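Shown next, in structure tokens, is the structure this report addresses.
The values are calculated or read from the model by the stated rules, or taken from the named source; none is laboratory data. No experiment lies behind these values; they were computed from the predicted model shown. Ideal geometry is used to build each Cβ from the backbone, glycine not excepted, and the neighbour counts take in all protein chains shown. Each accessible area value is taken on the protein alone, full model and side chains, heavy atoms only, with ligands, DNA and RNA left out. Shrake-Rupley method; radii C 1.70, N 1.55, O 1.52, S 1.80 Å.
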Amino acid sequence: MSSSSAACIFCKIIKGDIPSFKLFESDKVFAFLDIQPLSRGHALVIPKYHGAKLTDIPDDDLLEVLPVAKKIALASGATDFNILQNNGRIAHQVVDHVHFHMIPKPNEKEGLGIQWPTKETEMDKLKALHEEILSKM
């Protein structure tokens with residue numbers, strides 16, 4: 001592990017200080033079943049590198065994350081599922097270690113419920129935003 005935090009619950013799980021139902025482990029990724037699942041098979045896939053937000057994690061430490069989430073989704077038998085990753089408290093992040101949820105959606109009642117409050121788009125403002133973002137990439 002390139003970086004860890006002694007106080008972080010996920011770092012403690014990676015080190016084995018806290019038991020987990022491990023599904024996968026490599027040099028850079030650890031995955032386990034969520035102990036407060038939204039549905040059967042709900043799992044967490046985390047980089048071993050400790051960082052609170054996605055932007056804190058080196059790109060190399062993220063390369064396996066989605067392939068592992070995909071493997072877990074396939075192994076769980078989920079045909080419908082969400083991959084969720086939150087950054088910051090107002091974005092619903094509770095643990096300050098980057099983590100990706102693989103949440104099976106077996107029916108309308110189980111799994112993740114999402115509201116998507118879309119807004120009308122003003123094309124001139126969207127074009128300006130597009131140019132602004134492109135200029136910073």
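Being over 30 Å from Met137 (Cβ atoms) and β-branched (Val, Ile, Thr) narrows it down to one of Ile90, Ile114, Ile9, Ile57, so name that one.
Result of the check over Ile90, Ile114, Ile9, Ile57: Ile9.
Being under 28 Å from Ile90 (Cβ atoms) and either open to solvent by 80 Å² or more (accessible area, probe 1.4 Å) or outside any loop (DSSP other than H, G, I, E, B) (or both) is the filter here, so list the residues in region 50-71 that pass it.
Of everything in region 50-71, those that are under 28 Å from Ile90 (Cβ atoms) and either open to solvent by 80 Å² or more (accessible area, probe 1.4 Å) or outside any loop (DSSP other than H, G, I, E, B) (or both) turn out to be Lys53, Leu54, Thr55, Asp56, Asp59, Asp61, Leu62, Val65, Leu66, Val68, Ala69.
Does region 85-92 include one or more residues that are touching a Phe, Trp or Tyr at 6+ places or on another chain (Cβ under 9 Å), among the basic types (Lys, Arg) and closer than 30 Å to Lys109 by Cβ?
No, there is no match, as no residue in region 85-92 is touching a Phe, Trp or Tyr at 6+ places or on another chain (Cβ under 9 Å), among the basic types (Lys, Arg) and closer than 30 Å to Lys109 by Cβ.
Could you run through region 15-53 and say how many residues are out of contact with any Pro (no Cβ under 7 Å at 6 or more places or on another chain) and more than 16 Å from Val68 (Cα to Cα)?
Final tally of qualifying residues: 14.
Within region 1-49, track down each residue that is assigned to a loop (DSSP other than H, G, I, E, B) and closer than 19 Å to Leu62 by Cβ.
Met1, Ser2, Ser3, Ser4, Ser5, Cys8, Ser26, Asp27, Lys28, Lys48, Tyr49
Under 9 Å by Cβ, and 6 or more places apart or on different chains, what pairs join a residue from region 103-120 that is over 16 Å from Ala43 (Cα atoms) with one that is of a type outside the set (A, V, I, L, M)?
Sorted first by the residue in region 103-120, then by its partner, the pairs are Asn107/Ser39; Asn107/Asp80; Ile114/Asn82.
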